[in-house]
Amino acid sequence: MFLRTLREDPADAEVPSHKLLVRAGYVRRVAPGIYSWLPLGLQVLRNVEEVVRQEMNGIGAQEIHFPALLPREPYEQSNRWTEYGPLLFRLQDRKGADMLLGPTHEELFTLTVKGEYNSYKDYPVMLYQIQTKYRDEERPRAGILRGREFVMKDSYSFDIDDDGLSNSYRLHRDAYVRIFDRVGLRYVIVAATSGAMGGSASEEFLAESPTGEDTFVRSTDSDYAANVEAVVTPVPAAESIEDKPAAQVHHTPGTPTIESLVDFLNAAEMGRTFTAADTLKNVLVKTREPGAEKWEMLAVAVPGDREVDFKRLEAAVEPAEVELVDEADFAANPFLVKGYIGPKALQDNGIRYLADPRVVSGTAWVTGADQAGHHVVDLVCGRDFTPDGTIEAAEVREGDAAPDGGGTLVAARGIEIGHIFQLGRKYADAFGLDALGQDGKPKRITMGSYGVGVSRLVAAIAEQSHDELGLVWPREVAPADVHVVIAGKDEAVREGGERLAAELDEAGLRVLLDDRTSSPGVKFADAELVGVPTILVVGKGLAKGVVEVKDRRTGDREEIDVDKAVGHLV
Ligand code: ATP
Ligand code: MG
Ligand code: MG
Ligand code: MG
């Protein structure tokens with residue numbers, strides 16, 4: 001076995017899974033967010049992949065495999081060449097043609113189905129791949145938890161109508177429940193926003209963990225659970241944007257001036273009047289040209305704090321989504337930072353921002369709070385929130401009543417391990433994916449997209465399943481079933497250990513055999529660190545005909561007859 005364990009935590013590791021996966025010899029860092037899988041790690045990764053593959057096949061999805069190295073054109077056509085910003089790894093071939101390393105593959109799946117199928121009779125179809133994805137994450141962290149190269153299972157459903165899509169979505173949701181149950185995770189399913197994928201209905205699977213980067217709320221008394229980015233609060237009737245005169249639905253084309261922004265804020269009737277001399281920490285305005293594809297978010301620093309605010313906002317801007325005005329422009333127009341700012345980036349910078357990118361046509365309710373938690377500003381602008389008229393964002397705090405009317409909210413953190421979306425027709429529209437309907441007329445296909453972070457799962461499981469001695473794998477994903485430790489240099493002990501390992505192997509168990517000449521203490525410590533569910537110690541007791549079986553999770557030990565060992569463990 002190619003394995004070297006480490007006594008010390010790696011200097012760059014902060015979270016348990018990162019420390020332990022490196023110390024136990026599962027992964028090795030090559031560059032930030034880029035890791036090699038050593039034999040034990042690769043085994044766990046393959047086991048997770050296999051669970052995912054079985055459950056995908058189980059719902060009738062078919063496995064295919066796309067290249068990771070892709071031409072620019074399809075991503076240009078879907079506008080994601082631009083939308084993804086610096087998150088996308090871009091490169092050029094020797095002829096100077098633009099290429100990218102796939103961050104997710106909606107474009108390719110859509111084009112492929114379009115290339116092969118053309119009649120309603122061909123549908124529905126579900127396809128998936130388990131593949132290496134590339135995202136130049138701003139903050140790769142925690143080892144394989146947030147990599148720049150990582151393994152994702154992505155599947156896509158193609159249906160003729162909305163009922164079909166609901167069905168494909170439900171099949172995936174159920175399969176995900178089985179996958180995450182099988183790999184032994186504690187997780188929640190929460191309402192989510194759909195981010196860069198576009199589309200409408202969407203849920204995330206979050207593995208509960210204090211090291212997670214997502215915050216979710218869940219109700220004490222009902223099934224309600226949501227990522228805080230996606231809390232749905234119905235608009236109180238009196239505040240309905242529809243009730244506001246059209247004049248207040250205000251968009252300022254071109255570059256806003258401080259006066260026009262103050263007008264804008266006042267038009268939004270937030271219960272107070274703003275003036276150009278106001279000191280506001282941050283005002284976030286989300287607007288959209290009618291009919292235009294893109295959101296524009298303007299972050300404004302108003303006199304009093306402008307230096308500080310500009311710096312902070314600059315830090316808050318997600319480069320993936322922003323085109324910042326440069327310093328010179330800013331000096332000329334000190335009240336404006338123009339660009340797209342992601343909710344996550346804002347939250348990372350201490351600004352509670354809870355608007356939902358699903359908002360479809362022209363408005364958002366934005367709540368900002370500074371790092372000290374002071375309320376800064378609530379802003380309602382524009383109109384037409386979501387198709388069903390709710391505001392898909394509000395500030396939520398622990399202890400708030402739940403939006404569904406049942407219980408109070410408690411907040412916790414989680415690791416996003418899966419994400420399912422009803423994409424609808426966004427990509428089918430971009431690529432003209434139609435099927436000839438029964439009536440002979442073309443019908444636009446509707447799609448779903450469903451991701452599982454396969455490599456992230458390895459870390460998420462380790463995050464939930466370890467103790468002070470090391471990793472504690474659930475059997476389904478463990479690199480082996482039994483870890484046989486030969487404790488002693490005695491020839492009879494060595495032979496007995498090897499024989500037992502061979503018998504266990506023949507009985508169908510996956511066996512890791514530690515036959516090194518190191519001291520028993522070193523071997524025991526390594527067995528705890530590596531985390532195989534059962535540790536079988538072959539040592540002095542063999543002379544009396546007994547071996548020791550230790551349950552890695554509970555720590556329970558028992559002596560059993562060496563003759564009964566195999567029967568005991570299968
Ligand atoms: P995150 O919010 O953590 O950045 P995401 O919402 O950008 O994830 P999706 O586009 O929904 O990710 O991708 C599907 C799944 O791929 C995610 O649910 C997650 O499990 C996994 N994933 C995404 N980014 C990474 C990454 N950088 N490293 C490892 N796994 C990732
Ligand atoms: Mg992401
Ligand atoms: Mg996410
Ligand atoms: Mg996601």
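Worth a mention:
- Of the residues making up the range 425-455, those that are within 16 Å of ligand 1 (Cβ to nearest atom) and either within 30 Å of Y120 (Cα to Cα) or among the acidic types (D, E) (or both) are K426, Y427, M447, G448, S449, Y450, G451, V452.
- The number of residues in the range 50-91 being without any contact (Cβ under 8 Å) to a residue 12 or more places away in the chain and either within 16 Å of ligand 4 (Cβ to nearest atom) or within 26 Å of R170 (Cβ to Cβ) (or both) comes to 3.
- Pairs with Cβ under 8 Å, 6+ apart, first in the range 1-16 and exposed (fewer than 14 other Cβ atoms within 10 Å of the Cβ), second of a type in the set (D, E, K, R): L6/R23; R7/R23; E8/R23; D12/R29; E14/R141
- Apart from one condition, G60 fits all of (1) at positive phi; (2) surrounded by 16 or more Cβ atoms within 10 Å (Cβ to Cβ); the exception is (2).
- Pair list, Cβ under 9 Å, 6 or more apart: the range 515-531 residue under 20 Å from L500 (Cα atoms) and modelled with pLDDT under 95, other residue among the hydrophobic types (A, V, I, L, M, F, W, C) and surrounded by fewer than 16 Cβ atoms within 10 Å (Cβ to Cβ): R516/V522
- Screening the candidates S157, S166 for the property of being of a type in the set (S, T, N, Q), away from ligand 3 (no atom under 16 Å from the Cβ) and buried (at least 20 other Cβ atoms within 10 Å of the Cβ) yields one hit, S157.
- Residue in the range 543-553 that is surrounded by 15 or more Cβ atoms within 10 Å (Cβ to Cβ) and acidic (D, E) present: yes
- Residue check for A502: out of contact with any helix residue (DSSP H, G or I) (no Cβ under 7 Å at 6 or more places or on another chain), at pLDDT 95 or above, hydrophobic (A, V, I, L, M, F, W, C) and assigned to a loop (DSSP other than H, G, I, E, B): no
- Cβ-Cβ distances below 6 Å connect the following pairs, each with a first residue in the range 146-170 that is over 18 Å from N57 (Cα atoms) and assigned to a strand (DSSP E or B), a second residue that is within 16 Å of ligand 1 (Cβ to nearest atom) and acidic (D, E), and a separation of six or more residues or different chains: R146/E137.
- Qualifying residue in the range 118-130 (condition: buried (at least 18 other Cβ atoms within 10 Å of the Cβ), within 21 Å of E83 (Cα to Cα) and within 16 Å of ligand 1 (Cβ to nearest atom)): no
- Scan of the range 422-457 for residues that are of a type in the set (K, R) and part of a strand (DSSP E or B), ordered by number: K443, R444
- D514 farther than 30 Å from G418 by Cβ and under 37 Å from the mean Cα position of the chain (by Cα): yes
- Residue in the range 109-127 that is β-branched (V, I, T), within 16 Å of ligand 4 (Cβ to nearest atom), outside any strand (DSSP E or B) and in contact (Cβ under 8 Å) with a residue 40 or more places away in the chain present: no
The values are calculated or read from the model by the stated rules, or taken from the named source; none is laboratory data. Everything numeric in this text was worked out from a predicted model, so none of it was measured. Here Cβ is always computed from backbone atoms with ideal geometry, including for glycine, and neighbour counts include all displayed protein chains.
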